[in-house]
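Here the structure comes first, spelled out in structure tokens, and everything after it is commentary.
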Amino acid sequence: MSRIFYFCPDIPQPSGGVKTLYRHVDRLRQLGWEAYIVHQRRDFVLSWHGYTVPVLWLEDRPSFGLDDLLVFPEVMSEQIRQTAGFRGQRIVIALSWAPAYARLRPGERWQDSGIRRVMTKSPLIKRYLEWSMGIDVALIAEFVDPARYWYDPAAKAPQVAYLTRKDNSGALLQGILTRKHDRLAKLSWQPLREMSEEVYAQHLRQASHFLTTTTQEGMHVSVLEAMACGCLVVGYAAVGGHDYMVGEGEGQNCLLVENGNLPLLGETLERVLLDDPQRYAQVVANAVRTAQPYQAAEAELQSLQRFFAPLIGGS
């Protein structure tokens, strides 16, 4: 029987992409298939995300057969090239639209290395790859765990949470605003870095505001997680977030600022933090509703089954 191997970079820092790779393996095993994570260095394994799955290490020289399926995230472009001679099936899972993450040479396509199948969680990435490469891309449902991300108004406190992994804009704005206003200096400012997912989710459940400053995201999952927790989201759509982030009108679910416009983001955040929170109650309610469709585990399971079932034992 075919086995499914998800290759994963040896990156210790928490990231949404790594969580997706581990969760997919967990889901595939729930569906009854033999699936594994593959790391490079012996005994390297990640547990911060809470998914416990079998792991293989390339240092142990595991063997892969013709019936096996190898899945590579787009950041592992060198491994995609190196395995071009593998006679079994290889698949790319594209977790970012940004060309820098795919690490492709100008004009290079994954088809040049024998890749024929791609999957992604993001409608934006699907559109981009179909346009740029002319390759078929399957859409796999995103999942935001309702056991970790939920809205409890009683748990909320005046707190601004922000990510730090891809830039330091959150810390920069914190420094500016806390120096300008004594009131904002008394707020709790929570950088979200180097913590387990349970602790990360707990901070989102407590935070009143979520500041998002990254500019190149395919699915912008951190925003969906913050919305599910009832945070008032302020910041950039990062391109991919436009698929569900609404900055105005009846369905407004966040306060959107033009990507990369840090001066305007600072002014917007300042205004919001000094304003009456009740003014944004409907925006928060809309945000919680926006996240709800992404909290159905069955949708992710079914989309993975639809994608892999024809490939198991196939060519």
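The values are calculated or read from the model by the stated rules, or taken from the named source; none is laboratory data. Only a predicted model underlies this, so the values are computations on that prediction, with no experimental measurement involved. Cβ placement follows ideal geometry from the backbone for every residue including glycine, while neighbour counts extend to all protein chains displayed. Accessible surface is based on the protein model in full, side chains and every heavy atom, while ligands, DNA and RNA are left aside. Shrake-Rupley method; radii C 1.70, N 1.55, O 1.52, S 1.80 Å.
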Scanning the range 10-31 for residues that are at pLDDT 95 or above and in a loop (DSSP other than H, G, I, E, B), the one least open to solvent (accessible area, probe 1.4 Å) turns out to be D10
Hey, V234 hits all of (1) more than 30 Å from P99 (Cα to Cα); (2) open to solvent by less than 30 Å² (accessible area, probe 1.4 Å); (3) aliphatic (A, V, I, L, M) but one; which does it fall short on? (1)
Residue satisfying all of: in the range 57-74; crowded, with 18+ Cβ neighbours inside 10 Å and of a type in the set (A, V, I, L, M, F, W, C); farthest from P9 (Cα to Cα) among these: L69
Yes/no for L204 being buried (at least 18 other Cβ atoms within 10 Å of the Cβ), modelled with pLDDT of 95 or more and either closer than 22 Å to P99 by Cβ or in contact with a strand residue (DSSP E or B) (Cβ under 9 Å, 6 or more places away or on another chain) (or both): yes
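Filter the range 287-309 for residues that are over 19 Å from T120 (Cα atoms) and in contact (Cβ under 8 Å) with a residue 60 or more places away in the chain; which is most open to solvent (accessible area, probe 1.4 Å)? Before the answer, list the steps.
So the first thing to find is which residues in the range 287-309 are over 19 Å from T120 (Cα atoms), and the list is 287-290, 292.
Filter once more, keeping what is in contact (Cβ under 8 Å) with a residue 60 or more places away in the chain: 287-288, 290, 292.
Working: A287: 0, V288: 26, T290: 30, Q292: 104 Å².
Among them, the one singled out is Q292.
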Of the residues in the range 120-132 that are out of contact with any His (no Cβ under 9 Å at 6 or more places or on another chain) and surrounded by 18 or more Cβ atoms within 10 Å (Cβ to Cβ), the one that is nearest to R289 (Cα to Cα) is K121
Top-ranked residue in the range 32-46 [being part of a loop (DSSP other than H, G, I, E, B) and touching a residue at least 12 places away in the same chain (Cβ under 8 Å); ranked as least open to solvent (accessible area, probe 1.4 Å)]: L46
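Closer than 30 Å to Y149 by Cα and aromatic (F, W, Y), is that true of F44? Walk me through how you get there before you give the answer.
Values: closer than 30 Å to Y149 by Cα: yes; aromatic (F, W, Y): yes.
So F44 fits the description; yes.
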Which of the residues that make up the range 90-119 are hydrophobic (A, V, I, L, M, F, W, C) and crowded, with 19+ Cβ neighbours inside 10 Å? I91, V92, I93, A94, L95, W97, A102, L104, W110, I115, V118, M119
Considering the range 113-142 alone, what residues qualify as being free of Cβ contacts under 8 Å to residues at least 12 places away in the same chain and closer than 13 Å to G218 by Cα? R127
Expected output for the range 63-74 (first residue free of Cβ contacts under 8 Å to residues at least 24 places away in the same chain, partner outside any strand (DSSP E or B), Cβ below 6 Å, 6+ apart or cross-chain) is L66/R87; L66/G88
Say we look at the range 237-257 and pick out the residues that are open to solvent by 30 Å² or more (accessible area, probe 1.4 Å) and among the β-branched types (V, I, T); which of these is modelled with the lowest pLDDT? V239
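For the range 151-204, which positions are among the basic types (K, R) and under 18 Å from the mean Cα position of the chain (by Cα)? Break it down into steps so the answer makes sense when it comes.
Step one: filter the range 151-204 for residues among the basic types (K, R), giving 156, 165-166, 179-180, 183, 186, 193.
Residues satisfying the conditions are R165, K166, R193.
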Selection from the range 133-147 of residues closer than 18 Å to A296 by Cα and open to solvent by 40 Å² or more (accessible area, probe 1.4 Å) yields L139, P146, A147
Does G260 meet the test of being open to solvent by 40 Å² or more (accessible area, probe 1.4 Å) and touching a Ser or Thr at 6+ places or on another chain (Cβ under 6 Å)? yes
Of everything in the range 195-241, what is of a type outside the set (A, V, I, L, M, F, W, C), in contact with a helix residue (DSSP H, G or I) (Cβ under 7 Å, 6 or more places away or on another chain) and free of Cβ contacts under 8 Å to residues at least 60 places away in the same chain? Give them in sequence order. R205, Q206, T212, T213, H220, G235, G241
